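Below you'll find the structure, written out as structure tokens, and then a few comments.
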Amino acid sequence: MFIKKLTPTLGAEISEIDLSLPVTNQEKYHLKSLFAEYAVLVFPNQPLTPGQFVRAAEIFGPLMEQQIKKFTLSDYPLVGYNSTKDLPLINGKLQVRGENFHTDHSNDLEPPMATSLVAVEIPSYGGDTQFVDVRKAFDDLSAEMKEKIIKLKSRHVHESSRSPRSFAKLTPEEMAKIPQTIQPLVIEHPETHRPALYLNTGRMEGIVDMQDEAAYALINQLYVHSTQEKYEYRHKWRVGDLVIWDNRAVMHQANADYNPEEFRYLYRIMLKGAPLKGVNI
Ligand code: SIN
């Protein structure tokens, strides 16, 4: 394996490995420790079939069921897809899923610990995925701000009343199964024990025991802080890239800046997570 850092603290590109083949226990251990450290791993030249993608993703842990069943492969129900063909076009702009920084399914009691995509078709321009390091963003907060937020909690719902983006419309049956959960504003990573901001402006319904105006102002302040370019790794997709990210260490955002007549199609897998814990001080 050849490892190249993508930014000083976030993201590593791993080459000279073929993820269509089984990996040894030693390689698995190494990959998992790189994942814990860099939080975003990029594997170029991995044009995997859905079955191979399932096995590759399992290196990092067991897979999680997709919430939105209509965007899954019939032969591989654990493999979803992001396809331009499913996206509404409003005033010439594609309404892509995930177009503001977020962490996946934060309203779930056990949010996916990781999400992974394999690029099958990519437009000639645009459609990058951006990642920001919410561990580093937390580290850089002032001592006063850390003390203020460290014990705060937020209710995460399917779609916040203040959401900056709209979510896939669900059937009443799907809606009935969608959970809502109270999550810490600062979480501790179960393996590295690093604290990280846990934000999802699309799903956060205020802050527990705080007036709405103050709560949303604080959420916005933390969002603006953590989405600064200095915390970012921006991935420009190439066909065959496999990217996996840690939802407990980064937020990510999709971009709708490509020609809607071009096709963008990626397989998508989520890995099972556990209930999130706040930071012990
Ligand atoms: C996502 O799965 O959150 C969207 C990422 C992307 O399609 O760029």
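The values are calculated or read from the model by the stated rules, or taken from the named source; none is laboratory data. Predicted, not measured: the structure shown is a model, and the values here were computed from it. All Cβ positions, even for glycine, are placed from backbone atoms using ideal geometry, and neighbour counts span all protein chains on display. Accessible surface areas use protein heavy atoms only, side chains included; no ligands, DNA or RNA. Shrake-Rupley method; radii C 1.70, N 1.55, O 1.52, S 1.80 Å.
Laid out as a table, the results:
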read-out: Selection status of THR84, of a type in the set (Val, Ile, Thr) and modelled with pLDDT of 90 or more; value: no
read-out: Residue check for ASN247: modelled with pLDDT under 95, within 16 Å of the ligand (Cβ to nearest atom), of a type outside the set (Gly, Ala, Ser) and under 18 Å from the mean Cα position of the chain (by Cα); value: no
read-out: Yes/no for TRP237 being near the ligand (Cβ under 10 Å from one of its atoms) and in a loop (DSSP other than H, G, I, E, B); value: yes
read-out: Breaking point among (1) more than 30 Å from ILE59 (Cα to Cα); (2) touching a helix residue (DSSP H, G or I) at 6+ places or on another chain (Cβ under 7 Å); (3) of a type in the set (Lys, Arg), for ARG194; value: (1)
read-out: Unmet requirement for MET145, which otherwise passes all of (1) modelled with pLDDT under 95; (2) farther than 20 Å from LEU271 by Cα; value: (1)
read-out: Positions within the range 16-34 being closer than 25 Å to GLU121 by Cα, open to solvent by less than 80 Å² (accessible area, probe 1.4 Å) and hydrophobic (A, V, I, L, M, F, W, C), in sequence order; value: ILE17, LEU19
read-out: Residues located in the range 252-278, provided they are surrounded by 15 or more Cβ atoms within 10 Å (Cβ to Cβ), touching a helix residue (DSSP H, G or I) at 6+ places or on another chain (Cβ under 6 Å) and not hydroxyl-bearing (Ser, Thr, Tyr); value: ARG264, ILE269
read-out: Tally of residues being assigned to a loop (DSSP other than H, G, I, E, B), on the phi < 0 side of the Ramachandran plot and open to solvent by less than 30 Å² (accessible area, probe 1.4 Å) across the range 58-72; value: 3
read-out: Test: VAL42 is assigned to a helix (DSSP H, G or I) and touching a residue at least 60 places away in the same chain (Cβ under 8 Å); value: no
read-out: Entirely in the range 92-209, the helices (runs of 4 or more DSSP H) that have 1 or more residues that are in contact (Cβ under 8 Å) with a residue 40 or more places away in the chain, under 19 Å from LYS277 (Cα atoms) and more than 15 Å from the ligand (Cβ to nearest atom); value: 134-139, 143-149
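A quick yes/no check of all residues on (1) touching a Pro at 6+ places or on another chain (Cβ under 7 Å); (2) of a type outside the set (D, E, K, R); (3) over 19 Å from GLN253 (Cβ atoms):
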{"residue": "SER83", "(1), (2), (3)": "no, yes, no"}
{"residue": "LEU87", "(1), (2), (3)": "no, yes, no"}
{"residue": "ALA119", "(1), (2), (3)": "no, yes, no"}
{"residue": "GLY127", "(1), (2), (3)": "no, yes, no"}
{"residue": "ALA143", "(1), (2), (3)": "no, yes, yes"}
{"residue": "GLU159", "(1), (2), (3)": "no, no, no"}
{"residue": "ARG162", "(1), (2), (3)": "no, no, no"}
